[in-house]
Amino acid sequence: MKKLIDQEKVIKNMAGRLVKNNFFKFLFFLATVFGLIVLVVLLYRIFTQAIGWLDIDFLQNFASRRPEEAGIKAALIGSLWLMVIVAPLSLILGVGTAIYLEEYAKKNRFTDFIQTNISNLAGVPSIVFGLLGLTVFVRGMELGRSVMAAGLTMSLLVLPVIVVAAQEAIRAVPNQLREASYGMGATKWQTIYRVVLPAAIPGILTGSILALSRAIGETAPLVVIGIPTFIAYLPKSIFDTFTVMPMQIYNWTGRPQEEFQHVAAAGIVVLLFVLILMNSIAVFIRNKFQKRF
Amino acid sequence: MAVIKQDSPTYSVREMIKEKKAKQSGLMFVEKLMPKLLLLTAVISVLTTLGILFTLLFETFTFFSRVSIIEFLTAKEWLPWNEENGSFGVAPLVTGTLLTTGIAMVVAIPIGLASAIYLSEYASDKTRRIIKPILEVLAGIPTIVYGFFALTFVTPLLKQIIPDLGIFNALSPGIVMGIMIIPMVASLSEDAMSSVPNAIREGALGLGSTKLEVALKVVLPASASGIIASFVLAISRAVGETMIVAVAGGSSPVLSFDVTQSIQTMTAYIVQVTTGDAGYGTTIYYSIYAVGMTLFVFTLAMNLLAQYISRRFREEY
């Protein structure tokens, strides 16, 4: 009788198959660690370059032609000014859109269209948003290279990310909560405003802060709308010209003098510090307030 | 909530109803208004898309009224700065973009996929919970930082291996861009692989497969649509990436596939024009919209393709 399985052959191959398995497991592990190694190298490299250049003067000085005197003050404050526009605008528009899509919109073609539109908008390169901002805000509305023009452009850029984050947070609120609210005689908007939103707000905030930190680090659209890099004053209103940290770093990186590489590295450290701060706040909110239903 | 005021003798049920109705009408007003307001915010995103489309189309038409579309698509030289015999052939910018994108994919696809397999098939829950957030940090670093890293670290490093390497080249930004995209490929592919039900894995393991065989012969084919969609999205991301190539890729639009020399991508060209002082209304000014349009069409096509792949070829369980 012929055996269905040739035992000897299986046993003979088994060792090889296990070796192969372990070899590839190691290879896959190596690939995973590769990203982490690069991250460590990148941070180590930038921090060592920044040492000696990052001091209190660097935070207090304006841009300068002399590397020793160059500072990030105008750019750091400028980034905060940008947030003054981007944070409220993108939050209101983003959360509003999310509420509409999740709570009000009927399942029809129009809703599908908005939804598809948002996911496609998220895939548009940031530099194209810059072209939009240049034409519509800088030239069309004659806002110039102001905080306002940059803020509007950036708000539209991060809008899709905030919408998607807010939608997920709202979707995670269980229906029982809504039904209980209706059962108590609340209207739809009362339910949304007093029950759904409070339950969803930690998730919305976490996603939004991450989206805003993207806006802080984004350079390309601001280059396109022509935000200057050499500014020795602080903006007084949202219609003044200004500069932001990534623009300033870009400018320093492009300078031929060796010293400006160190200045750029110091600027990057400040930028990364702001981003880490924002991300920590996001993680804190998620861990502290996020309810699991 | 109507409170019954017992001390007022004239207070009747009729008045209670009236009071309630007065309150209701205010409430109903808000109730009717809010959906409309919210719809308005939702329409902003549609307006943004229309804004992008019209801006690009309108200014691109102006450009094509000065430079023929045939020259744009077929000429082999991109010399916008020449007053006399300038040439607007987009081909060098496209090859520059494809070159850096190609290098990025050579880095990002194998490493990203391998990380995804490790995280989804081999790693314990604990390892995954540690590694995934760190990979997300890698994705959250601003691109200008990667540009700086490419120019001041990777290029000098590569120059020790390839002595002919130019200060600006396609190789270094390509590699760094690939590293930046690894987390995206890894996380999207891992999502696709994790959605393959465990019963299928257990079936294969029960038949005597090793974990590697399960991963490569069972899980990969079952999640192929999601994985390929993640590759396409990664390509789209690399095509639109700006600052890394603008900082480290150079600004010489040449039609060549030499990765060691300076090139120029579509995005880097837009950056070069907008940081320089090409005046408003010049042909060069309008050329950035034509290039932007090309870029937009490229990335939109890629994104739609990714959606199509993941919808059309999805395996349902």
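The values are calculated or read from the model by the stated rules, or taken from the named source; none is laboratory data. Keep in mind that this is a model prediction, so the values were computed, not measured. Note: ideal-geometry Cβ built from the backbone for every residue, glycine included; neighbour counts use all protein chains shown. Note: areas computed on protein heavy atoms with side chains; ligands, DNA, RNA excluded. Shrake-Rupley method; radii C 1.70, N 1.55, O 1.52, S 1.80 Å.
Here are the numbers:
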item: Chain B: relative contact order as a whole-number percent, Cα under 8 Å and 6+ apart; result: 23
item: Cα Rg, Dmax (largest Cα-Cα span) when computed across segment B:195-254, Å; result: 19.3, 58
item: Of A:LEU177, B:PRO110, A:PRO202, farthest towards positive along the dipole that unit charges on Lys, Arg, Asp, Glu beta carbons give the protein assembly as shown; result: A:LEU177
item: Largest-first principal axis extents of the Cα set of segment B:27-86 (Å); result: 69, 19, 16
item: Label-point separation in nm, B:SER25 to B:THR282, each point 7 Å along Cα→Cβ; result: 6.5
item: Computed FRET value (nearest 0.05) for A:VAL33 with B:LYS18, which takes r as the C-beta separation and R₀ as 56 Å; result: 0.15
item: In nm, spacing of pseudo-spin labels at A:ARG255 and B:VAL106 (7 Å Cα→C-beta vector); result: 3.5
item: Difference of contour (0.36 nm per residue) and Cα-Cα distance, A:LYS288 to A:GLN190; result: 32.7 nm
item: Those trypsin sites (Lys or Arg not before Pro) in segment B:218-317 that DSSP places in a loop and that have at most 16 other beta carbons within 10 Å; result: B:ARG314
item: Whole-number D in µm² s⁻¹ for chain A, Kirkwood Cα-pair radius fed into Stokes-Einstein, 25 °C, 0.890 mPa s; result: 109
item: Charge context of B:GLU213, other residues only, Cβ under 10 angstrom, K/R +1, D/E -1; result: +4
item: Local electrostatic count at B:ILE70 - Lys and Arg +1, Asp and Glu -1, tallied over other residues with Cβ under 15 Å; result: 0
item: Kirkwood Rh and Cα Rg combined as Rg/Rh, the protein assembly as shown; result: 1.03
item: Cα-based equivalent ellipsoid of segment A:7-50: semi-axis lengths in Å, sorted from largest, via gyration tensor; result: 42, 5, 4
item: Under 5 Å, built H, 5+ apart or other chain: amide partners of B:LEU79; result: B:SER87, B:PHE88, B:GLY89
item: Neighbourhood charge, 12 Å Cβ-Cβ cut-off, centred on A:PHE242 and excluding it, Lys, Arg +1 and Asp, Glu -1; result: +2
item: Hydrodynamic radius by Kirkwood, which averages 1/r over all alpha carbon pairs of chain B, in angstrom; result: 23.6
item: Dipole-positive endmost among A:ALA211, B:ALA22, A:ALA87 within the protein assembly as shown (Cβ charges, Cα centre); result: B:ALA22
item: Cβ-placed point charges (K, R +1; D, E -1), dipole of segment A:60-199 about Cα centre in debye, nearest 20; result: 140
item: For segment A:130-168 and segment B:28-75, distance of Cα centres in Å; result: 13
item: A:LEU234 versus A:ILE56: modelled label distance in nm, points set 7 Å from Cα along the beta carbon direction; result: 1.7
item: For segment B:151-250: Kirkwood Rh in Å [reciprocal of mean 1/r, alpha carbons]; result: 16.0
item: Packing-based ranking, highest mean first, of A:137-150, B:29-42 given that Cβ atoms within 10 Å are counted; result: A:137-150, B:29-42
item: Difference of contour (0.36 nm per residue) and Cα-Cα distance, B:LEU207 to B:LEU37; result: 55.3 nm
item: FRET efficiency for B:ILE167 and B:LEU50, using Cβ-Cβ distance with R0 set to 35 Å, rounded to 0.05; result: 0.25
item: Relative contact order (percent, whole number), chain A, Cα cutoff 8 Å, 6+ residue spacing; result: 26
item: Column: log10 I(q)/I(0), Debye, Cα scatterers of segment B:36-155, q = 0.12, 0.23 Å⁻¹; result: -0.88, -1.22
item: Cα-Cα pairs of segment A:1-148 separated by more than 20 Å (percent); result: 78
item: Segment B:111-171-segment A:68-85 distance, computed between alpha-carbon centres (Å); result: 28
item: In Å², nearest 10: area of A:SER181 left accessible to a 1.4 Å probe; result: 10
item: Isotropic mean projected area of the C-alpha convex hull, segment B:94-283 (nm²); result: 13.1
item: Sites A:ASP112 and B:ALA199, calculated FRET efficiency, Cβ-Cβ separation with R0 41 Å, nearest 0.05; result: 0.80
item: Ratio Rg/Rh, restricted to segment A:14-80 and using Cα atoms, in which Rh is the Kirkwood radius; result: 1.43
item: Debye, to nearest 20: dipole size of chain A, +1 on Lys, Arg Cβ, -1 on Asp, Glu Cβ; result: 1400
